[in-house]
Structures are given as C-alpha cells and as structure tokens.
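These notes concern the structure reproduced below.
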C-alpha cells in the first residue's frame, strides 16, 4: 500500500508531459506512412493496386491516432496538475500508441489474413481501454474544480462503445476481412467531435477516448 500511495504524490507541471506526448504522437503518424512504398519501379501501374490495402490501413490508423491525440489533448486539459500515477498511466498509454505501426503494417501486408486483421482490432481495443483508464484517473483525482460541472457524467461509460466496436471488428475478421476493415474505418468517425457539454464552455478539443 505504501508503494501505491507514492503514485498519488507529486504536483508535476503538465507542459513537459504534453510536449513528450505530442512528440510520441508525431513519431507514430510518421512511422505509419513508411509502409507506403513500391518495391520495384518496373511495371509501376501493376504494383500500385497492390498498395491499396496498405493505403487503407494507413488511412484508418492515421484517423485513429489523430482522434486519440485530439481526445488526449482534451483530457490532459481537465487536470490541474500531474501526479506520478498519471505520468505512468500516460506513459503506458503512449507505449501502446507507439506499437500501432506494427499491426498497421501487418494488416496492410497481409490484408487477407484474419489473424493480421484481427490483431489490429485487438491493439486498438487495448489502446482505448488504456485511454479510458487515464481519463477516469484524471476525473477522479485531478479534475480542475471549474471543469467539474461541465462534464457529461456518462462519458467514461460511453467510451466503452469504442472498445466493443474494435473487438467486434477483430472477431469479424475471422468471417470477413472486408467487414473488419469497414468496422475499423467507421469506428473513429463517430468520435471526431465532442458531445455537447453541460453549463460552462468546454476546452476546444475532442472528448474521451474511443
């Protein structure tokens, strides 16, 4: 218990955490595009259609990562400061964000393989769960007093829709990889803008993670 109590300590400034987080997000979206390359210049027109699954995987992941970044910006804006517990939750979330290029590359390279396509959905579901944990920790322990009355009380619960959707996509991949691609593409589109807040104006960013 003494070890756990240490994570509640600290009143760290958020600026360096935000800067580090933004750097990780920037690297992730940069790594995503590295898989979009043509192996040979010969018969270029023949090879370009083969890039379609890779392009679609890149597009889906780019939208998802940008959505995570938008909501991450919003959630950190709710906190009055950072504790060691928040820093480590944020770091674990970023660790799994940095893993996203791997399942993206796998899904693009082996788009007809159910395991590769299913892995993508599982990784996104885990990322969403980690973001929910970060959001819930901030709301429970670090919320700015002036923000308390502006929050949707069901926003954390509603975030599990994303977990369920990515999980459905992962399961659907074993029946139809096309259906899984469609689920992955549509899921982040439902969470690109925040819901209407209550009372006072909310920060100009996204809402809780999906």
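The values are calculated or read from the model by the stated rules, or taken from the named source; none is laboratory data. From a predicted model like this one, the values you see are computed outputs, not experimental measurements. Cβ coordinates were reconstructed from backbone atoms using ideal geometry, including for glycine residues, and neighbour counts include every protein chain displayed.
Details
- Restricting the first member to segment 112-123 and to residues that are under 19 Å from residue 165 (Cβ atoms), and the second to residues that are assigned to a loop (DSSP other than H, G, I, E, B) and at pLDDT 95 or above, the beta-carbon pairs closer than 7 Å and six or more apart or on different chains are 114/173; 114/174; 117/173; 118/173; 118/174; 121/173; 123/99; 123/100.
- Segment 5-42: number of residues that are within 16 Å of residue 101 (Cα to Cα) and either at pLDDT below 65 or not in a loop (DSSP other than H, G, I, E, B) (or both): 13
- Verdict on residue 138 being crowded, with 16+ Cβ neighbours inside 10 Å, assigned to a helix (DSSP H, G or I) and in contact with a strand residue (DSSP E or B) (Cβ under 7 Å, 6 or more places away or on another chain): yes
- Elements of type helices (runs of 4 or more DSSP H) in segment 43-98, at least 1 residues being modelled with pLDDT under 95 and under 21 Å from residue 14 (Cα atoms): 52-78, 84-98
- If you go through segment 152-167 and keep only what is in a helix (DSSP H, G or I) and surrounded by fewer than 17 Cβ atoms within 10 Å (Cβ to Cβ), you end up with 157, 158, 160, 161, 164.
- Filtered residues of segment 124-139 (kept if within 21 Å of residue 12 (Cβ to Cβ) and in contact (Cβ under 8 Å) with a residue 40 or more places away in the chain): 130, 131, 133, 134, 135, 137, 138, 139
- Failed item, numbered, when residue 170 is tested on (1) surrounded by fewer than 19 Cβ atoms within 10 Å (Cβ to Cβ); (2) modelled with pLDDT of 95 or more: (1)
- Hits in segment 99-117 (condition: more than 26 Å from residue 135 (Cβ to Cβ) and in a helix (DSSP H, G or I)): 105, 106, 107, 108, 109, 114, 115, 116, 117
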